[in-house]
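The values are calculated or read from the model by the stated rules, or taken from the named source; none is laboratory data. The model shown is predicted, which means the values in this text are computed figures rather than measured ones. Positions of Cβ are backbone-derived with ideal geometry, glycine not excepted, and every protein chain shown enters the neighbour counts. When the accessible area is computed, the model is the full protein with side chains, heavy atoms only, and any ligands, DNA or RNA have been set aside. Shrake-Rupley method; radii C 1.70, N 1.55, O 1.52, S 1.80 Å.
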Amino acid sequence: MTGQHVLVVGAIGRLQMDELETRYTLHRLDQAGDPETLLSEVGDRIRVVLTSNGVGFPEDLLARLPNLELVSSQGVGTDGLCVDACRVRGVAVANTPDVLNDDVADMAMMLVLATVRRLVAGDRWVRDGRWEREGMMPLNRCIHGKVLGIAGLGRIGKAIARRAEAFGLEIAYFGRRQQPDVHYRWCDSLEGLARDSDILLLALPGGDATRGVVDEAVLNALGPDGYLINIGRGSVVDEACLVDFLEQGKLAGAGLDVFAHEPRVPEALKAMEQVVLQPHCASGTVETRDAMAQLVADNIVAHFEGRPLLSPV
Ligand code: 8YV
């Protein structure tokens, strides 16, 4: 026993779990048959929680850990963590920004291209023998010269914009305020951005502030020739409304990596040819997940060694 107790709410990569195991005493809530007993036995010894944003860290669990000092979470998003309650209690929170920017931006561009150029439909056209039976598939649309509206021009949004420029897209963006160091056109509302965009790309964080902001008015503004791409959070979009718009041809198509109730995806979306779906895997490469897990572990080590966190929220 080291006296340095870590509660594992959500595990990270094997390499980093092994590293942490050699240094600290890990308590596996994620594997506990009887979580209640585990918490009553070790709750007051826990100084660090290890989790991921997807698994989360709720306020009722925080209440069971009176001596908690740090929550180290895998993922840049913090919408699954009770950050405000941690702040009130003086518990630090660390996440994993930056290391995933390139992969998420690649996924965003991949969804733009796949959706507008109908990559998956083309693949199906070949596999189903329709090329041989019916000849060429219907023409699709080009992306160069189109306006890509990015909602949420943070570090990931900027990595997307850099890639999109190379594809000849014109960039506009919406965020709370105009960014002085950015040459892209700023729109002061999400609806305004949707109106000005051919492709609306959502790179917004989740949480109460953004819940359902892509609503009927925004989708109407995007219009029947518009495409919606979402690599941020499913909670940002009124999903029922999106399905309705796609079914009625009031939108041209959508490329979605995130959904309102993951891993559940509306059957209606699965049936649509004009939609490209991914299982929330924009950061899901071996290299990036390893870098994310390492940052989670490094934050824990820094904390126990009395050094500043590498990536505090
Ligand atoms: C992951 C993500 O799905 O970083 C985020 O916020 O949504 C993704 O990278 C996940 O959180 C990794 O555990």
Q. Which pairs do you get when a residue that is on the phi < 0 side of the Ramachandran plot and polar (S, T, N, Q), found in the stretch 68-97, comes within reach of a residue that is assigned to a helix (DSSP H, G or I) and within 13 Å of the ligand (Cβ to nearest atom), reach meaning Cβ atoms under 6 angstrom, with the pair 6+ apart or on two chains?
A. S72/V296; Q74/M292; Q74/V296; T96/M292; T96/L295
Q) With respect to the numbered conditions (1) open to solvent by 40 Å² or more (accessible area, probe 1.4 Å); (2) not in a strand (DSSP E or B), which one is the sole condition not fulfilled by W186? A) (2)
Q. Among the residues of the stretch 44-53, how many are away from the ligand (no atom under 16 Å from the Cβ) and touching a residue at least 24 places away in the same chain (Cβ under 8 Å)?
A. 4
(Q) I'd like the full set of residues that are within 16 Å of the ligand (Cβ to nearest atom) and open to solvent by 10 Å² or more (accessible area, probe 1.4 Å), limited to the stretch 76-95. (A) V76, G77, T78, D79, G80, L81, C82, V83, V93, N95
Q) Can you tell me which residues in the stretch 239-286 are assigned to a strand (DSSP E or B), out of contact with any Ser or Thr (no Cβ under 8 Å at 6 or more places or on another chain) and touching a residue at least 12 places away in the same chain (Cβ under 8 Å)? A) L256, H261, L277
Q.
Let me spell it out: the conditions are (1) crowded, with 19+ Cβ neighbours inside 10 Å; (2) within 14 Å of the ligand (Cβ to nearest atom), and D98 meets all of them except one. Which number is the exception?
A. (1)
Q: Report, by residue number, each residue of the stretch 40-53 that is part of a helix (DSSP H, G or I) and either of a type in the set (D, E, K, R) or open to solvent by less than 20 Å² (accessible area, probe 1.4 Å) (or both).
A: E41, V42, G43, D44, R45
Q | Selection within the stretch 54-69 - surrounded by fewer than 22 Cβ atoms within 10 Å (Cβ to Cβ) and more than 16 Å from the ligand (Cβ to nearest atom) | A | E59, D60, L61, L62, A63, R64, P66, N67, E69
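Residue-by-condition table, conditions (1) charged (D, E, K, R); (2) in contact with a Phe, Trp or Tyr (Cβ under 8 Å, 6 or more places away or on another chain):
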position	(1), (2)
A194	no, no
L200	no, yes
A203	no, no
G206	no, no
R211	yes, no
V218	no, no
P224	no, no
I229	no, no
(Q) I'd like to verify a number: residues in the stretch 220-237 that are under 12 Å from L202 (Cβ atoms) and either away from the ligand (no atom under 16 Å from the Cβ) or among the basic types (K, R) (or both), how many? (A) 4
**Q.** A194 of a type in the set (A, V, I, L, M) and either open to solvent by 10 Å² or more (accessible area, probe 1.4 Å) or assigned to a helix (DSSP H, G or I) (or both)
**A.** yes
Q. Checking V99 against (1) more than 23 Å from the chain's Cα centre (by Cα); (2) β-branched (V, I, T); (3) in a loop (DSSP other than H, G, I, E, B), which test does it fail?
A. (1)
Q | Yes/no for M292 being among the aliphatic types (A, V, I, L, M), more than 13 Å from the ligand (Cβ to nearest atom) and modelled with pLDDT of 95 or more | A | no
Q: Give the residue, chosen from M107, M136, that is modelled with pLDDT of 95 or more and exposed (fewer than 14 other Cβ atoms within 10 Å of the Cβ).
A: M136
(Q) Tally up the residues in the stretch 15-38 that are open to solvent by less than 20 Å² (accessible area, probe 1.4 Å) and over 15 Å from G3 (Cα atoms), please. (A) 2
